[in-house]
Amino acid sequence: MSISLVTRQKIEFIDKVIIHSHDQNLYLLSVILDGVEYFVIDQKRALIESFNKLELQAQLAGLKVGKTVFRQQTPYDEMIGLSEGKSDNTLEVTLGG
């Protein structure tokens, strides 16, 4: 599911902002509203992405955010031959205060 930049700016409070480490220093932005995660898209319906985490955080300036995190998911178990789906290699780190 996705949410546009314009819609996001009209929301009074964002429960959680997630900066996803996607591939080779490419970062994507998603938000959680009422327990549902939405990837943030621009006016052209393309995912908001950047090679700079601070640039993504700047997109949230002036918004009330409960928590901002950095999330990285790796296919490590699959890469070393372990069966898929047995473990979750998600690392989530809180950013800011």
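The values are calculated or read from the model by the stated rules, or taken from the named source; none is laboratory data. All values derive from a computational prediction rather than experimental measurement. Please note: Cβ atoms are built from the backbone with ideal geometry, for glycine as well, and neighbour counts cover all protein chains shown. The area values use the complete protein model at the heavy-atom level, side chains included, leaving out ligands, DNA and RNA. Shrake-Rupley method; radii C 1.70, N 1.55, O 1.52, S 1.80 Å.
In this structure, does GLU78 turn out to be touching a helix residue (DSSP H, G or I) at 6+ places or on another chain (Cβ under 8 Å), modelled with pLDDT under 80 and open to solvent by 70 Å² or more (accessible area, probe 1.4 Å)? Taking the combined requirement at face value, the residue does not satisfy it. Of all residues in segment 28-39, those that are open to solvent by less than 20 Å² (accessible area, probe 1.4 Å) and not small (Gly, Ala, Ser) total 3.
Here is a yes/no grid of residues against (1) within 16 Å of SER30 (Cβ to Cβ); (2) exposed (fewer than 12 other Cβ atoms within 10 Å of the Cβ); (3) at pLDDT 70 or above:
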{"position": "ILE41", "(1), (2), (3)": "yes, no, yes"}
{"position": "SER50", "(1), (2), (3)": "yes, no, yes"}
{"position": "GLU55", "(1), (2), (3)": "yes, no, yes"}
{"position": "VAL93", "(1), (2), (3)": "yes, yes, yes"}
{"position": "GLY97", "(1), (2), (3)": "no, yes, no"}
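Residues that are under 12 Å from the mean Cα position of the chain (by Cα) and aromatic (Phe, Trp, Tyr) were ranked within segment 21-56; the one that is farthest from ILE11 (Cα to Cα) is TYR27. On the given criteria, is VAL17 closer than 14 Å to LEU95 by Cα, in a strand (DSSP E or B) and at pLDDT 85 or above? Here the answer is yes, as VAL17 does meet what is asked.
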